[in-house]
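Down below is the structure, laid out as structure tokens.
The values are calculated or read from the model by the stated rules, or taken from the named source; none is laboratory data. It should be emphasised that the depicted structure is a prediction, and the values quoted were computed from it without experimental measurement. Cβ placement follows ideal geometry from the backbone for every residue including glycine, while neighbour counts extend to all protein chains displayed.
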Amino acid sequence: MSIAARVRILGVETLSHDWGALKKTTFEYSRNDGSWQKQSRETYDRGNAATILLYNLAQRTVILTQQFRYPAFVMGHDTLLLETPAGLLDDATPETRIRAETEEETGYRLREPRKVFEAFMSPGSVTEKLTFYVAAYEPQDKVSAGGGIASEGEDIDTLEVPFADAMAMITDGRILDAKTIMLLQHAALTLFR
């Protein structure tokens, strides 16, 4: 039985629509025993996104960004967040968007991004699905300063980090961003073995 056959939407209410859409949906769900249970959930939809880990095998380095994230700050994280470059798709394909975001944020022009997987980042409440990429980089691929788009509130630093240091940053808590941890662990298993 498909999941669609197990869900009956009873009503959808938009609670907020600013940066994204916050909706409350009431529905019935057919449980494993065949009984129907009425439930409600709030979902936040801000669109899908893409992220990438730039790596240099010869130097054994990766490129990370560092920026202010208000939700992390309000939860007590009092430093800039270390992350892989990422951005919302805004109706573009994941590869097209990650090429533009990488250059905007880091100043590096991608040669051959390779899709490695997709994942829902917080499926209990957020609709976003993220497409994950990796790409090799060379120093000559840096074509601009990067830093993001100021009019969009971006103020991004770019860091070239030894891969071993990046992995240590996960262990000691300096890297707390899930997409970055996922890509670094993927790199540990497949690229930097």
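Note down all Cβ pairs under 6 Å where the first residue falls in the range 150-178 and is modelled with pLDDT under 95 and assigned to a loop (DSSP other than H, G, I, E, B), the second is surrounded by 14 or more Cβ atoms within 10 Å (Cβ to Cβ) and of a type outside the set (A, V, I, L, M, F, W, C), and they're at least six residues apart or on different chains.
Filtered contacts from the range 150-178: Glu154/Gly148.
Check the range 76-86 and report whether any residue there is assigned to a helix (DSSP H, G or I) and either in contact with a strand residue (DSSP E or B) (Cβ under 7 Å, 6 or more places away or on another chain) or within 15 Å of Asp141 (Cβ to Cβ) (or both).
The answer is no, given that none of the residues of the range 76-86 is assigned to a helix (DSSP H, G or I) and either in contact with a strand residue (DSSP E or B) (Cβ under 7 Å, 6 or more places away or on another chain) or within 15 Å of Asp141 (Cβ to Cβ) (or both).
Select, from Val12, Val62, the only residue that is among the β-branched types (Val, Ile, Thr) and more than 29 Å from Asp141 (Cα to Cα).
Val12 is the lone residue from the list that is among the β-branched types (Val, Ile, Thr) and more than 29 Å from Asp141 (Cα to Cα).
So that you can scan it fast, the table gives a plain yes or no per residue for (1) more than 20 Å from Glu128 (Cβ to Cβ); (2) outside any strand (DSSP E or B):
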{"residue": "Val12", "(1), (2)": "no, no"}
{"residue": "Lys24", "(1), (2)": "no, no"}
{"residue": "Glu28", "(1), (2)": "yes, no"}
{"residue": "Gly47", "(1), (2)": "no, yes"}
{"residue": "Ile52", "(1), (2)": "no, no"}
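Which one of the conditions (1) in contact with a strand residue (DSSP E or B) (Cβ under 7 Å, 6 or more places away or on another chain); (2) surrounded by fewer than 16 Cβ atoms within 10 Å (Cβ to Cβ); (3) small (Gly, Ala, Ser); (4) in contact (Cβ under 8 Å) with a residue 12 or more places away in the chain does Ser16 fail to meet, given that it meets all the rest?
(4)
Here are the criteria: (1) over 30 Å from Lys23 (Cα atoms); (2) crowded, with 19+ Cβ neighbours inside 10 Å; (3) not aliphatic (A, V, I, L, M). Tell me which single one Pro85 does not satisfy.
(1)
Which of the residues belonging to the range 30-42 are in a loop (DSSP other than H, G, I, E, B) and either touching a Cys at 6+ places or on another chain (Cβ under 7 Å) or of a type outside the set (D, E, K, R) (or both)?
Asn32, Gly34, Ser35
Which residue, of Gly20, Gly11, Gly34, is closer than 23 Å to Glu118 by Cβ and not aromatic (Phe, Trp, Tyr)?
Sole residue among the options that is closer than 23 Å to Glu118 by Cβ and not aromatic (Phe, Trp, Tyr): Gly20.
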